[in-house]
Structure formats: C-alpha cells, structure tokens
Amino acid sequence: MLDEKVFYPGKLDIAWCPGCGNYGILRVLQKALAELDIDPHNLVMVSGIGQAAKLPHYFNCHYFNGLHGRALPAAFAISAVNPNLTVIAESGDGDMYGEGGNHFMHTIRRNPNITNIVHNNMVYGLTKGQASPTSRRGFKTPVQPAGVINEPFNPLAVAIALDASFVARTFIGEAERTKEILKQAIRHPGYALVDILQPCVTFNKVNTYQWFKESTYWLEDHNPLDRRAAFSRAIEESEGGKLPLGIFYINPNKVPYNQAAGIYETDTRPLFQRSVDLEKLRGLLQSYKE
Amino acid sequence: MNTEHKDYSVVLVGPAGMGIQTVEQALVKILKSAGYHIFATKEYMSRVRGGMNSTSLRVGSVPVSAPVERIDLLLALAPGGVSHVSERISPTTIILGEKEQFEQEIPAGIRTIDISFEQIASAIGNKLYSNTVAVGLLGAVFHVEGATLEDFVQKRFAGKEQKIVEENKKAIRAGFEQGLRLVQSGLLDIRLQPDSRVKNQIVMEGIEAVGFGALAGGCNFIGAYPMSPSTGLLTFLAKHGKRFGVVVEQAEDEIAAINMALGAWYAGARGIASTSGGGFALMTEGFSLAGMLESPLVIHLAQRPGPATGLPTRTEQADLDLALYAGHGEFPRAILAPGNLQQAFELTRHAFDLADQFQVPVFVLTDQYLADTYYNTEPFDLSDVRVNHHFVETQEGYLRFALTESGLSPRGIPGLGRGLVAVDSDEHDEFGRITEDLNLRTKMVEKRRSKEKFLIEQAIAPMVRPAPKKEHLVICWGSTLPIVQEALEVLGREDVGLVHFPQVFPLHPSTAAILAPARTRICLEGNAGGQFARLLKAYADVEITHRILKYNGAAFTVEEVVRRLKEILK
Ligand SMILES: Cc1ncc(C[n+]2csc(CCOP(=O)(O)OP(=O)(O)O)c2C)c(N)n1
Ligand code: SF4
C-alpha cells in the first residue's frame, strides 16, 4: 500500500471555499488510490470546467483539464490509446450531466475502462449558484427566482437504463464507505459511474451536510447484479422517499472497449510504442494497382 | 465520332440507386488494366434513391486528371438522363440508350445509338444486370479483351452465390457482344493508344489518398462523425485500420470527435479529426483547446457548400476563412490544401509530422471534388516512411509548458518517464497549473504565438509553372490544380504562368516575390468572396488584379477556365 502523500502536490493555493465537500472528495480519492497501490505516474485525471474540475490541480498525477463538459471523450481516447493508464474522469454535475450530457450517454455505451466521478452538489458553483441538471424542483437561484420547474436529471436511472457496467452513489459525509466504493469502481474493468453527493456551502443553502445526512440511507439487501431492482432503487427518490446510497448496479459481463475493439489482441503495447508497418502499407498500395 | 482525341469523354447518367457508381468503379479498374489513363468524377444529389446522378469518365492515351464539359459518348440509363446533362451535349456527342425513353430529350441532329440495356439484362434474368451489360459494351468499344472482362466479374463477385457470378458473366458477355457489333459496323469505334506506364500505376480516389497519407503519417486514432464529403476517410480507416492498429471511433458528435483526437495525442497517439464545414463549426471549441494545450492535432476538413448544411454532396472552396479564423484567442495553425492525389498523400502525411514537431493544429483542407475524384497516378513514394515521434521521456520535475528560448517546450506523455504531464485549458504556469499571474499570461501568449515562425520556416513553397517571371499569373490553391494546369495547356500562351499553393497558411516567404512582378494576377477559386485573394492581400500584401470565382456547387471544368481566362486576357 502506498502512502497517500504520494498524491499530495505540495503547497498550493486552493480555490475552494472553506467547508466545501470537494476537500473530502480529494482526500478520499487520494486514500483510495494509495490503498490500490496506483503509481501517480500511471494515473491520468481528466476533468472539465468548474470547481470540481479543479481537483486534478490539487493532485500529484498526470492530468488533462480540458473543456466544460468534454472530459469524457478525452478520457475515452486516453484509455483507448494506452490501456496501461488508470484513467479517472471527474467533474461537477453541471459539467458531466449538463454541458456533457451527450458524452455521458455515449461514453456509457462505449464502456471504456475509466472511472467517472461526479461531484453532485445540485448547483453550479463556479458560475455562482445557478441551477444544475440535478437541482431539486423548487430550488431558488438568481436565474430561477421562482424555483426550479424542470424535472431533475437522474444520473443513476439513466446509467442503469443504458446498462452501464458499474453504477454507484455515495455522500461525501460518509468518507470511509465512499472510499471503499471508489476502490471498487477504479478496479472495475469498463466504465464505472460514482455520483458523489457533495454540499456546496456557498451557493446551495438547501442541500447541506445536514440535509444529505437526513435525506439519504444505505442500500441493504440489494443485489447489484439485478438490473430491474437496481433501476427501481434508482427512481425511489422521485416518488418522495429518501435517496439510497451504495452500489446500485454491476454488470460483470460487459466487454470493455479496448477488448471489444480488438486493438490489443495481438499486440499489447500502447499505441505510442508502435510504428507504421511499412510492409503492410506497401501491400495495401499494391492492391491499388489492380 | 471524333477519333482525333487523345482522350475520350464518357458520361453515364441515371438515378441514384441504379448503380452508376458501380459502373464507374468497374470501368475505372477495367480500363486501367487495359493500359488506358483514366479519370472519373461524379456529381450526385443528396438522396439515396432517385434524382439524377452522373459520372464523367475520361479515358486517355495520355494522363487525364481534370473534368471537361465535352461529352463524346453519353450513356443514358433512364428517362431524364439526357436533359440532366443537356448543356454539355454538342454535335460531336453520341448518345447511347433506349431511344424510345429519350424521344423528347434528344436535341435535333445528335447521333443516337438505340440500345436497351434493360432488355438485354432482362433476357439474362434480371434487369438489375443493366449495369454489367453497360460495362461489357463499353469494354468492347474500348477494345478490352473479353477475358479481362470476365476475369473482372469473377473477382468482383467472388464470394457471392454461384448463380449471381454466372449471370453477371452472361451479362458482361452480352454487353461485350453488343459492343463488338457496334465496332464492326463502324458505328462506334474508339481507338486510343494504351500506355505501358499505366500498368504499374495506382488508381484511387482523393479521399483514399488522404487515408493513405494518414496511415503513412503514423495516424493511429480517428474520431469522426459522418458528414459528406469527409466520411470516406472514416470508412477507409475503418476498413484498413485494424490491420494498422488504428483506433477508429464514430463519435456521438463533432465536439466529442475533436476532444477524443486531443486526448489521443495527449497519450502519445497520432490522432485525426475528420469532418466537413458544419461539423467543423462544432469543433472550433476543441480547436481552440488545441491552441491552449499546445497539442498537436490534425484536422481533415472536406469542404462542401454552406452556409449551414448547404449543398451536401457538392463542392466548394469556401471554408478557408473558417479554417483560418476558427477558435477564440490567438495561436498558430497551418493549413495544407492538396491539389492532386500525390499531394493528398504527401500533405496528409506531412500534417502529422508538422503538428507533432511544433505542437500546433494542422488542417488538411480538401473538398468534395477532390474526395470523390479518381485517376491513375504513380505509386506513392513510401521509401522514407517512418514516424519520427517528437515526444520525450520525461524526468522528475518535468514542466510541460517550460518557457524556452525557442518557444517550444519538450512534450512528454503519461507513462513514459518520471515526470508528470499536466495540461490545462485555463491559462497555466509552466507545469500546467491554473494561473492568473498576468505577467505569466503575457509570456504564455508570446510563447504560443512564437511557434508561428517555425511554421513559416517550414512552409511549402508555391508551385510555379512553367517558369517564373510570366506576364500573367493564374493563382490557385487546393483541388483546382489539375484543372488549371490543363486549361493553360489548352490556352497555350507562353506569357501565362501558373502558381499553385499546396500550403495556404502560413504563406511561404517567397510568395510576394513570386507574385509581385506579374502584370496581371488572376486568382481562381471555388467561392464567392475570393477568400484566398484576401488572404494574399492580408498576409503577403499582394494585390489580385482579377478573380475567377465559381460557387454553384460544381467543380471548374477545363473549358470553362479557358473561356474565363480568354475573357480576361483578351
Ligand atoms: C462552454 C462553456 N460554457 C460555460 C462555461 C462557464 N462555466 C464554468 S463552470 C460552469 C458550471 C459548473 O458547474 P458544475 O459542473 O456543477 O461544477 P461546480 O462548479 O459546481 O463544481 C459553467 C457553466 C464554460 N467554462 N464553458
Ligand atoms: S462554490 Fe461551492 S462547490 Fe465551489 S468551492 Fe465553494 S462551496 Fe465548493
């Protein structure tokens, strides 16, 4: 087991508000990766834009901090061209489910070997408090002064509907259990979604630590291999109940992208170590003479 | 019939779904194997069935690589076919088809040979074989051996049901016999001299030449969303990619495609994002990211007429400004615009090296005309194909954006070396962490911009023909090269020279010196605004005296260029 300090980047000016749930996610992720013995030199964090998306900057690892909503396509390609890397795509709920909603859907369909961590604070932090796709009905903001009227996006139900290979939700107030779920998700071959409920202490005065504590409970006696059961647990809250936490769904039979695409069948080297096969190219050119 | 031609122009017209493309592909192969030079270009409507499409073939005893208006032989495969190309019919045109079907369409005095491909095909078993009959007939008319034709059918339908192979053989034979009858009766006898050089040449479409260039350039990732006329590259790499270790992904949209390509480069692959104007409009966000990340990137932008969805299957050269000004903020880029198959291969290949070496995005700017045009050419030179990667093995303390004398920071990739590779879309420090240090901002802007000097140093010089210091210069860029070349041959004036730009941005430093001495500078391009003429003014301070512009969706033809040059050079 590594010392989690290998992931500490040294003294930095962190741009998060004191008390923000992002700190918890940062620490838990560092612990989880240390316990999994993942070398920072084999770890790539990919993020979009937002408060959550700044996390890689506070990490000692490779990172690709790209555009708002676009972490997943980049993460997919990184894992497709170098399967030796551990790839984590992390960002906020606005980033992943709003601007990046289309990519969210289609990355699940591709099933690349990446872990998708979503900091779900039910609000836009960096742009100062507008509604996010997961904001509850009635949530008031300067842009939604009369309260949100749209149906909140249910990432778990969508992911299970798309038969994502690993789907979980946790709350950062429960650090230990979150860490264990993250470890399972990172170890899981194929796409793994971990939606982490995270209070934004500055712009979301409704969904606070207290609120999350009172409005969530842990799944027990739930079989994550049962997709129908998983789906019905995922939509529970819409019927007025509390939000369940835990691993909702695992499909152990899904083939990860790199395997399905056959890119590493006969040659396991990452693409950067390969070169053009001149013989094959000559052969192909020859076929155009006929 | 005109036997004086060194080349013969055959046009096939019929509705989509009738298999004109199949006839085109078959004839290209058969006539090439018989030792003729061959050129084929198509125009088609944006629909899967019906409408009217045409394919223009030139069969030559000398190289042919540009479209002409002239039609020597017209094969009309359905009613409406003759009217579709009526403007191109002249007294020397011979029309081949079922007379009854075209009664109304055929202009007075035009020779017609009455043949019903359908009837012949139906007699064999299915009117679907009309195509094969037509191929057989044309084969005979061009003096191709019967055995060559049957061989072709055997190969072409290999793996299909025996019945289908046999019936197609019958069909090609039937067509062949019809053709022989025409030749023997003197109705249609085309004598062209085969050229022994043709045998060892290759024949392919422009889009395939781009694909070849990509493979030779070490491309091992493509992210693309289908859009005519760029789709052929995605298809090409999908077909051959697995053998060459290429990750081929049909993205959910162009935004994903370009971000994927950037992710691929980040992790050490050589990625291309391929699209057309409408798709590139979506990619501009990611294009700007390439500028900020100082990431290499190759973009294949196959132009078609806009704005918006425009004319999906037609051609234009109107996305030069889009490529030139795309992306917010300031950063360098290179735009390469191949003029022929050789350039499509070489420039695409070069794009990967250029992008890799200087950590900039590079465009391969093609268009529908180039993409869909076939002809025979010398095999590409693969002798020096090798991929020189420009990434480095990193050391502890590695800085991805190190401020160096030259402006280039050594590019590391994750998984190679002891350094960490951090890239960020916000303004960043040397390591790659977000910064709002305004002094550092100034340095980073200058660093990014300074790479332009490398691109200028490496710029490809314009091609000047036949010799510099001409009174009049015709200036063109991209796919119009062979058309202008042939037009100038036809024009035959000693005082007119040609300058073609395979690289349109940044311009080669010799540009002004080449263009300035001429008395007239005529810029020919396939758009309405004279985009390249403006670029020449802005970046080389060269004044264009005349413009030849075309923007109806069709490519220039040789005759048209000659006419328009004559108007200017009275
Ligand atoms: C294309 C684009 N549109 C808008 C923005 C502005 N923007 C930055 S972050 C953000 C939302 C962030 O919300 P979320 O993803 O929930 O992250 P949080 O800040 O709450 O962690 C927006 C809209 C942007 N950077 N880029
Ligand atoms: S604005 Fe909200 S999400 Fe952002 S750092 Fe502050 S508390 Fe955290």
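The values are calculated or read from the model by the stated rules, or taken from the named source; none is laboratory data. Please read these numbers as outputs of a predicted model, since none were measured by experiment. Cβ coordinates were reconstructed from backbone atoms using ideal geometry, including for glycine residues, and neighbour counts include every protein chain displayed. Each accessible area value is taken on the protein alone, full model and side chains, heavy atoms only, with ligands, DNA and RNA left out. Shrake-Rupley method; radii C 1.70, N 1.55, O 1.52, S 1.80 Å.
Assorted remarks:
- Of the helices (runs of 4 or more DSSP H) lying entirely inside segment B:14-131, those carrying at least 1 residues that are more than 21 Å from the chain's Cα centre (by Cα) and under 25 Å from B:VAL144 (Cα atoms) are B:20-33, B:117-124.
- Restricting segment A:33-61 to residues that are assigned to a loop (DSSP other than H, G, I, E, B) and touching a residue at least 60 places away in the same chain (Cβ under 8 Å), the residue that is nearest to the other protein chains (Cβ to nearest Cβ): A:ILE49
- Candidates in segment B:190-237 are the residues that are in contact with a Phe, Trp or Tyr (Cβ under 7 Å, 6 or more places away or on another chain) and of a type in the set (Val, Ile, Thr); of these, the one that is farthest from B:VAL364 (Cα to Cα) is B:ILE190.
- Hey, A:LYS54 open to solvent by 10 Å² or more (accessible area, probe 1.4 Å), away from ligand 2 (no atom under 16 Å from the Cβ) and on the phi < 0 side of the Ramachandran plot or not: no
- Residue that is surrounded by the fewest Cβ atoms within 10 Å (Cβ to Cβ) [pool: residues in segment B:489-513 that are within 23 Å of the chain's Cα centre (by Cα) and without any contact (Cβ under 8 Å) to a residue 60 or more places away in the chain]: B:GLU489
- Filtering segment B:529-536 for residues that are open to solvent by less than 20 Å² (accessible area, probe 1.4 Å), at pLDDT 95 or above and part of a loop (DSSP other than H, G, I, E, B) leaves a non-empty set.
- In segment A:14-32, the qualifying residues are those that are of a type in the set (A, V, I, L, M) and within 14 Å of another protein chain (Cβ to nearest Cβ), and the one that is nearest to ligand 2 (Cβ to nearest atom) is A:ALA15.
- When the helices (runs of 4 or more DSSP H) confined to segment A:89-207 are screened for residues that are among the aromatic types (Phe, Trp, Tyr) and within 30 Å of A:TYR264 (Cβ to Cβ), those reaching at least 1 such residues are found at A:101-110.
- Among the conditions (1) over 23 Å from B:ALA267 (Cα atoms); (2) surrounded by fewer than 16 Cβ atoms within 10 Å (Cβ to Cβ); (3) modelled with pLDDT of 95 or more, A:ASN42 misses just one, which is (1).
- Among (1) modelled with pLDDT of 95 or more; (2) under 30 Å from B:LEU455 (Cα atoms); (3) not β-branched (Val, Ile, Thr), the one test that B:TYR551 misses: (2)
- Restricting attention to segment B:44-62, the residues that are loosely packed, with under 13 Cβ neighbours inside 10 Å and of a type in the set (A, V, I, L, M, F, W, C) add up to 2.
- The combined condition, being within 13 Å of ligand 1 (Cβ to nearest atom), open to solvent by less than 20 Å² (accessible area, probe 1.4 Å) and on the phi < 0 side of the Ramachandran plot, is not fulfilled by A:ALA75.
- Remark: pairs (first residue in segment A:15-31, within 14 Å of ligand 1 (Cβ to nearest atom); second residue hydroxyl-bearing (Ser, Thr, Tyr); Cβ separation under 6 Å; 6+ apart in sequence or on different chains) = A:CYS17/A:THR202; A:LEU26/A:TYR58.
- Residue check, B:ILE475 in a strand (DSSP E or B) and more than 14 Å from chain A (Cβ to nearest Cβ): yes
- You will find that of B:PRO307, B:PRO296, the residue that is within 15 Å of B:VAL364 (Cα to Cα), more than 11 Å from chain A (Cβ to nearest Cβ), out of contact with any Ser or Thr (no Cβ under 8 Å at 6 or more places or on another chain) and of a type outside the set (Val, Ile, Thr) is B:PRO296 and no other.
- Only listed residue being farther than 30 Å from B:VAL504 by Cα and not in a loop (DSSP other than H, G, I, E, B), chosen from B:GLY415, B:GLY432, B:GLY419: B:GLY415
- The numbered conditions (1) open to solvent by 10 Å² or more (accessible area, probe 1.4 Å); (2) facing another protein chain (nearest Cβ under 10 Å); (3) within 10 Å of ligand 1 (Cβ to nearest atom) are all true for A:GLY69 except (1).
- Total residues in segment B:167-199, condition within 19 Å of B:LYS32 (Cα to Cα) and either assigned to a loop (DSSP other than H, G, I, E, B) or open to solvent by 30 Å² or more (accessible area, probe 1.4 Å) (or both): 11
- No other residue among A:ILE117, A:ILE88, A:ILE108 is among the aliphatic types (A, V, I, L, M), within 16 Å of ligand 2 (Cβ to nearest atom), buried (at least 22 other Cβ atoms within 10 Å of the Cβ) and under 13 Å from the mean Cα position of the chain (by Cα) apart from A:ILE117.
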